[in-house]
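Trainee: This is the structure I have questions about; it appears just below.
The values are calculated or read from the model by the stated rules, or taken from the named source; none is laboratory data. Bear in mind that the values here come from a model prediction, so they are computed numbers and not experimental data. Quick reminder, even Gly has a Cβ in these numbers, built from the backbone with ideal geometry, and neighbours come from all protein chains shown. Heavy atoms of the whole protein, side chains included, go into the accessibility calculation; ligands, DNA and RNA do not. Shrake-Rupley method; radii C 1.70, N 1.55, O 1.52, S 1.80 Å.
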Amino acid sequence: MKIKITSDSTCDLSDELVKKYNVGILPLTVILGEQDFRDGVDVTPQDIFNFVAKTGVLPKTSAPSVDEYSQFFKSQLDGYDALIHFNISSKASSSHQNAVTASKEFGGKVFAFDTYALSTGQGLFVLKACDLAAEGKTPEQILEVLTALIPKTNTSFVPDALDYLHKGGRCSLAALIGAKVLKLHPMIDMKDGQMYAKKKYMGNIERCLKTYVNDLADSYRNYDKTRCFITHSNCEPEVVEKVKEQVKSLFDFKEINETKAGCVVTSHCGKNTLGVLFFYE
């Protein structure tokens, strides 16, 4: 059985990985002022930073419509027996609901999966599905495995500043001011498909990221060693490299993939945000 794997652009997979695993990507829409752009196609994170710096407001984002999903599924299903599509958490976007509605037009050949994650937390599911499809698993078998992994996904990150989270209504003014005065950096995690502040670190971002990775190693002694992602929004290369070396020393992943957050995720988290994402046992 030939199974096509597709995803919303919010999976933040690199072009290299998308090409290697032949993943179909449907862009979400990023709205800057009165102009619509396609995430990862004709807008970049730097465009987001420039827009926010100029206007003081966050761009808006929009999920694909039911019709857009229908057209996308039709084009991607050509030559395949089935298609599995991966959505950003249904608690963060209407994407999944629209994808489910569109999937009903294809006589049981299209499956929409709610990852309850975002960024490369979502990407983990995409590549796991690719691995399982390559092993000859059926769509039902793949979905059974992935459903069991939903509560075992570390989708966490540490932002350098809380300005974007505050503008997006996910951080109070008091927390924003306190973070700036005390140099606090929260560890943002996901639980049941929603973001929350799990703990707080104090100091410069490099020091906080070092503590963050140490905490991950202490918290997740048993983990899927297949791969992890180090995903960031335009962090300094030397900072990313130090995190990568620390992950190599504390974990035993077969693959460590560095990726940059796309425009939708950047719109909510801001510049210099970094996370280490993986499945745990």
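Trainee: Considering only DSSP beta bridges whose two residues both sit in the chain, what percent are antiparallel, to the nearest 5? Don't skip to the answer; put the middle values down first.
Mentor: Working: 24 of 44 bridges.
In the chain, DSSP labels about 55 percent of beta bridges as antiparallel.
Trainee: Still on this structure: If you average 1/r over all unlike Cα pairs in region 201-281 and invert the result, what Kirkwood radius do you get in angstrom?
Mentor: On the way: mean 1/r = 0.0767 Å⁻¹.
After inverting the mean inverse Cα-Cα distance, the result is 13.0 Å.
Trainee: Calculate the dipole size of region 109-149 relative to its Cα centre from +1 charges on Lys and Arg beta carbons and -1 charges on Asp and Glu beta carbons; express the result in debye to the nearest 20.
Mentor: On the way: 3 positive and 5 negative charges, 18 e Å.
Dipole of region 109-149, to the nearest 20 debye: 80 debye.
Trainee: Sticking to Cα atoms, compute the Rg of the chain to one decimal and its Dmax as the biggest Cα-Cα distance, whole number, in Å.
Mentor: 18.4, 57
Trainee: Sticking with this structure for a sec: Just to verify a number: FRET efficiency for E241 and K20, C-beta to C-beta distance, R0 = 30 Å, to 0.05? Please list the in-between numbers first.
Mentor: Values: r = 23 Å, r/R0 = 0.76.
My answer for the efficiency is 0.85.
Trainee: Quick one: plug the Kirkwood hydrodynamic radius of region 235-280 (C-alpha pairs) into Stokes-Einstein at 4 °C, 1.567 mPa s, and report D in µm²/s.
Mentor: On the way: Rh = 11.9 Å.
Approximately 109 µm²/s, per Stokes-Einstein.
Trainee: Sticking with this one: Place a +1 charge on the Cβ of each Lys and Arg in region 31-127 and a -1 charge on the Cβ of each Asp and Glu, then give the dipole magnitude about the Cα centre in debye, rounded to the nearest 20.
Mentor: Working: 7 positive and 11 negative charges, 52 e Å.
In debye, rounded to 20, region 31-127 gives about 260.
Trainee: Now for a different question. By DSSP, what percent of the beta bridges with both residues in region 1-110 are antiparallel, rounded to the nearest 5?
Mentor: Details: 7 of 17 bridges.
Roughly 40 percent of the DSSP beta bridges within region 1-110 come out antiparallel.
Trainee: Could you work out the local net charge near D36, counting Lys and Arg as +1, Asp and Glu as -1, over the other residues with Cβ closer than 11 Å to its Cβ?
Mentor: On the way: positive: R38, K60; negative: E34, D39, D42.
After counting each charged neighbour, the total is -1.
Trainee: Using the beta-carbon distance between T101 and E140 and R0 = 22 Å, what value does 1/(1 + (r/R0)^6) give for FRET efficiency, to the nearest 0.05? Mind showing how you got there, number by number?
Mentor: Working: r = 21 Å, r/R0 = 0.94.
E between T101 and E140, to the nearest 0.05, is 0.60.
Trainee: Please work out the FRET efficiency for the pair S62 and A148, using the Cβ-Cβ distance as r and a Förster radius of 45 Å; give the result to the nearest 0.05.
Mentor: 0.90
Trainee: If you place +1 on the Cβ of every Lys and Arg, -1 on the Cβ of every Asp and Glu, and leave all else neutral, what size is the dipole of the chain about its Cα centre, to the nearest 20 Debye?
Mentor: Numbers: 33 positive and 35 negative charges, 141 e Å.
Dipole magnitude for the chain comes out near 680 debye.
Trainee: Tell me the Kirkwood radius of region 1-140: reciprocal of the mean inverse pair distance over distinct alpha-carbon atoms, in Å.
Mentor: Working: mean 1/r = 0.0644 Å⁻¹.
Over region 1-140, the inverse of the mean reciprocal pair distance is 15.5 Å.
Trainee: With every protein chain kept in place and ligands, DNA and RNA left out, what is the accessible area per residue of region 23-137? Probe 1.4 Å, answer in Å².
Mentor: Details: 5160 Å² over 115 residues.
Per-residue accessible area for region 23-137 comes out at 45 Å².
Trainee: Right, next: Give me the distance in nm between label points sitting 7 Å out from Cα along the Cα-to-Cβ direction at D192 and R221, one decimal.
Mentor: It is 2.9 nm.
Trainee: Please calculate the 1.4 Å probe accessible area of Y201, with all protein chains present, and give it to the nearest 10 Å².
Mentor: 20
Trainee: Could you tell me the largest-minus-smallest coordinate of the C-alpha atoms of region 91-162 on each of the three principal axes, in descending order and whole angstroms?
Mentor: 46, 28, 17
Trainee: If packing is taken as the average number of other Cβ atoms within 10 Å across a peptide's residues, how do 249-258, 145-154, 39-48, 105-114 rank, most packed first?
Mentor: Details: 249-258: 13.7, 145-154: 15.4, 39-48: 19.0, 105-114: 17.3.
Those peptides, ordered most packed to least, come out 39-48, 105-114, 145-154, 249-258.
Trainee: Mind scanning K109/K199; K200/K244; K152/K210; K137/K254; K91/K199; K200/K248 and naming the pairs with a C-alpha gap bigger than 32 Å? Numbers along the way, then the final one.
Mentor: Details: K109/K199 42 Å; K200/K244 21 Å; K152/K210 23 Å; K137/K254 22 Å; K91/K199 22 Å; K200/K248 24 Å.
Long pairs (Cα-Cα over 32 Å): K109/K199.
Trainee: Would you compute, from DSSP H runs of 4+ residues alone, the mean residue ellipticity of the chain at 222 nm, taking -39500 (n - 2.57) per run and dividing by the full residue count, rounded to the nearest 500?
Mentor: Numbers: 11 runs with 116 residues, N = 281.
Value at 222 nm, helices only: -12500 deg cm²/dmol.
Trainee: For a quick protection proxy, order the peptides 268-278, 21-31 by their average other-Cβ count within 10 Å, most packed first. Can you show the working numbers first?
Mentor: Values: 268-278: 24.8, 21-31: 19.5.
With the highest mean Cβ count within 10 Å placed first, the list reads 268-278, 21-31.
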